[in-house]
Structure formats: C-alpha cells, structure tokens
C-alpha cells in the first residue's frame with residue numbers, strides 16, 4: 001500500500017512543482033524579452049546603415065538579425081502557448097502554431113535572400129561602384145558584434161541556471177551572427193580600399209551562411225509536424241523506472257515542440273496493487289518527470305499489471321492462475 005500521508009501530501013507537492021515551473025517559465029520569458037529588444041535594435045541599425053551606405057552586405061546581414069529577433073518572438077509565444085490550457089477544439093493545445101510561424105519566417109527569409117542574391121549578382125556583372133563606408137559604419141558593425149556576443153553569453157549562462165534547452169539553442173543561433181558580421185567588416189575594409197567586387201562577393205557569402213540558418217529552421221521544425229520523437233526514450237524509461245516502486249516502464253513516446261513536450265508511457269505494477277494506489281503512483285511519477293524534464297507539458301501513463309510468474313490458486317475464486325494470467 002502507498003502511505004496515506006504521502007498521498008495527502010501529493011497535491012501540495014504537485015502545486016509546489018507547478019509553482020516552480022511557472023517561476024522558471026517567467027524567468028526564461030524575461031531573458032527572451034531582453035534579447036528580443038537587443039536583437040531588434042541590432043537589426044534596425046544594420047538595415048538603416050545598409051540602406052544609407054548602399055551596402056548589400058550589411059543589408060543582407062540585417063536579415064540574420066531579423067531571424068534572431070523572430071526566433072525570440074516565437075520562443076515567447078511558445079512559452080505562452082505551452083502554459084495555456086487545452087480546450088475542446090484544441091485538446092492537445094496550440095503549440096504547433098509556433099512551428100507554422102517558424103516555417104513562415106523561414107520562407108520569408110529565403111525570399112529575402114533571393115532578392116539580395118539577385119542584387120549581388122547584378123552588382124558583380126555591372127561592376128557597381130563600392131558602397132560608401134565611413135567610420136560610423138565600422139562603429140555600428142562592431143557595436144552590433146559586441147551586442148551579439150553579450151546576448152549569446154547571457155543566454156548561455158541563463159540556460160545553465162534555468163535548465164532551458166530553448167535558451168541554449170537560441171544562444172547558439174545568436175552566436176552564429178558573429179561569423180556573418182566578420183564578413184561584413186572584411187567587405188567594408190575592401191570597399192575602402194577600392195575593391196569594387198567585394199560587396200557583391202561578401203553578400204553571396206552571407207547568403208550561403210544565412211541560407212544555412214534558414215535550412216536549420218526547416219530541419220528543426222518540419223519533424224515536429226510529423227511527430228518525431230523529442231526526448232530520449234531510454235533516459236525517460238530509466239528515470240521513470242527508478243520511481244516505479246518495483247514496477248517497470250516501456251513503450252515511451254514523446255512528441256510536440258521542444259518547449260512543450262507531450263509524453264506517454266506504459267507502467268507495469270504489481271498485479272495485486274489497487275486501482276487507487278496505482279493511480280497515485282502514476283500521478284507521482286508524472287509529477288517527477290515534469291520536474292526532471294522541464295520541457296514536458298503533459299504526461300499520460302498507461303497502467304498495466306505485471307505478468308504473474310508463479311502458478312497459484314486464486315484465494316477468491318479458487319481458480320488456478322498460470323504465468324500469463326489465464327485461469328484454469
């Protein structure tokens with residue numbers, strides 16, 4: 001039997017786990033709000049100076065910053081949707097709206113890259129004069145690089161503190177901006193030296209880099225639409241099995257978005273365990289799984305009786321039970 005005291009304390013523990021999850025979600029949200037503001041400022045600065053100076057390279061690089069800011073927006077919506085309760089029309093929640101939005105942004109980025117690519121090829125063919133780049137251009141690019149470095153380091157630190165895979169992934173994405181900005185600085189130096197083809201060539205290089213980032217968006221999000229596994233089933237089974245009071249766990253499945261994972265598994269319990277005790281155990285395992293894997297938003301546990309391994313006589317009916325549970 002499961003201790004009645006533990007059973008009575010379970011709602012309190014569950015409420016505490018929910019409170020901690022809400023506090024963690026709020027802390028992650030604050031980080032994304034700060035980085036969104038910084039990424040938006042970087043995108044505006046790059047696009048503005050790129051337009052004034054005629055630099056295709058900087059204009060293209062601003063798309064990378066737009067992608068960063070868009071990722072922050074999607075993360076914020078994802079956090080909100082993951083906390084919103086399901087309803088009759090959306091029994092599994094609305095998390096996949098985030099995936100559709102991400103794919104839409106990826107399509108827009110690809111369209112923008114096509115436009116910049118066409119302009120870069122024309123600039124190379126027509127031998128367009130090099131853009132006019134002043135000291136202020138170098139100052140803007142170096143300042144945006146400093147902001148990107150701060151954002152990446154800050155998100156990495158917060159990802160470790162809060163155990164957020166979402167923040168860690170965004171930090172790696174933001175850090176990739178530094179490579180693109182290095183190419184921009186190189187094109188500026190070449191432009192001031194009178195190398196007319198440098199702007200077009202650097203733009204094509206950036207298109208390749210940003211195109212790879214757009215491909216990452218498609219690669220990470222399309223599998224979610226076809227319900228690819230999100231969590232390692234072995235790790236989940238091992239942890240849940242350690243909580244199962246002698247039971248065993250199998251058929252672990254996960255799906256959904258990384259910030260709101262839906263998890264289900266089968267839990268085998270002793271054949272003589274009561275329905276109430278089995279239900280209490282399942283709720284406890286589900287609660288601990290949400291603490292261990294904070295990205296999990298919903299857990300469904302299917303209770304199964306363990307197969308009997310001995311042959312005996314049923315004390316109630318007197319029927320003899322075989323190893324597979326059939327009665328003679």
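The values are calculated or read from the model by the stated rules, or taken from the named source; none is laboratory data. It should be emphasised that the depicted structure is a prediction, and the values quoted were computed from it without experimental measurement. Neighbour counts run over all protein chains shown; Cβ positions are idealised from the backbone, glycine included.
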Open item on the list: Condition first: surrounded by fewer than 16 Cβ atoms within 10 Å (Cβ to Cβ), outside the structural domain of residue 71 (by TED's automatic domain parsing), modelled with pLDDT of 90 or more and within 29 Å of residue 27 (Cβ to Cβ). Can you find one or more residues in segment 288-296 that meet it?
Closed with: no
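Yes/no matrix, rows are residues, columns are (1) assigned to a helix (DSSP H, G or I); (2) over 36 Å from the mean Cα position of the chain (by Cα); (3) surrounded by fewer than 13 Cβ atoms within 10 Å (Cβ to Cβ):
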site: 110; (1), (2), (3): yes, no, no
site: 114; (1), (2), (3): yes, no, yes
site: 120; (1), (2), (3): yes, no, no
site: 124; (1), (2), (3): yes, yes, no
site: 128; (1), (2), (3): no, yes, no
site: 133; (1), (2), (3): no, yes, no
site: 138; (1), (2), (3): yes, no, no
site: 141; (1), (2), (3): yes, no, no
site: 144; (1), (2), (3): yes, no, no
- [ ] Answer with yes or no whether residue 152 is part of a helix (DSSP H, G or I), in the same structural domain as residue 212 (by TED's automatic domain parsing), buried (at least 17 other Cβ atoms within 10 Å of the Cβ) and modelled with pLDDT under 80.
- [x] no
- [ ] State the number of residues belonging to segment 176-194 that are surrounded by fewer than 14 Cβ atoms within 10 Å (Cβ to Cβ) and more than 23 Å from residue 111 (Cα to Cα).
- [x] 4
TODO: For residues that are surrounded by 17 or more Cβ atoms within 10 Å (Cβ to Cβ) and more than 23 Å from residue 148 (Cα to Cα), scanning just segment 202-225, find the one that is modelled with the lowest pLDDT.
DONE: 221
Task: residue 235 vs. criteria touching a residue at least 24 places away in the same chain (Cβ under 8 Å), surrounded by fewer than 19 Cβ atoms within 10 Å (Cβ to Cβ) and out of contact with any helix residue (DSSP H, G or I) (no Cβ under 7 Å at 6 or more places or on another chain) - done: no
Task: Candidate set: segment 238-261, residues that are closer than 17 Å to residue 308 by Cα and assigned to a strand (DSSP E or B); chosen: the one nearest to the chain's Cα centre (by Cα) - done: 249
TODO: Output the number of residues of segment 26-52 satisfying the condition of being over 17 Å from residue 171 (Cα atoms) and either under 16 Å from the mean Cα position of the chain (by Cα) or without any contact (Cβ under 8 Å) to a residue 40 or more places away in the chain (or both).
DONE: 7
- [ ] Select from segment 263-283 the residues that are surrounded by fewer than 20 Cβ atoms within 10 Å (Cβ to Cβ) and closer than 25 Å to residue 25 by Cα and list them in ascending order.
- [x] 264, 283
TODO: Identify the residue in segment 262-276 that is modelled with pLDDT of 90 or more and within 31 Å of the chain's Cα centre (by Cα) and, among all such residues, is nearest to residue 243 (Cα to Cα).
DONE: 267
- [ ] Would you tally the residues in segment 166-195 being within 19 Å of residue 39 (Cα to Cα), part of a loop (DSSP other than H, G, I, E, B) and modelled with pLDDT of 75 or more?
- [x] 0
Task: Some residue of segment 301-324 being touching a helix residue (DSSP H, G or I) at 6+ places or on another chain (Cβ under 6 Å), modelled with pLDDT of 80 or more and either outside the structural domain of residue 76 (by TED's automatic domain parsing) or in a strand (DSSP E or B) (or both) - done: yes
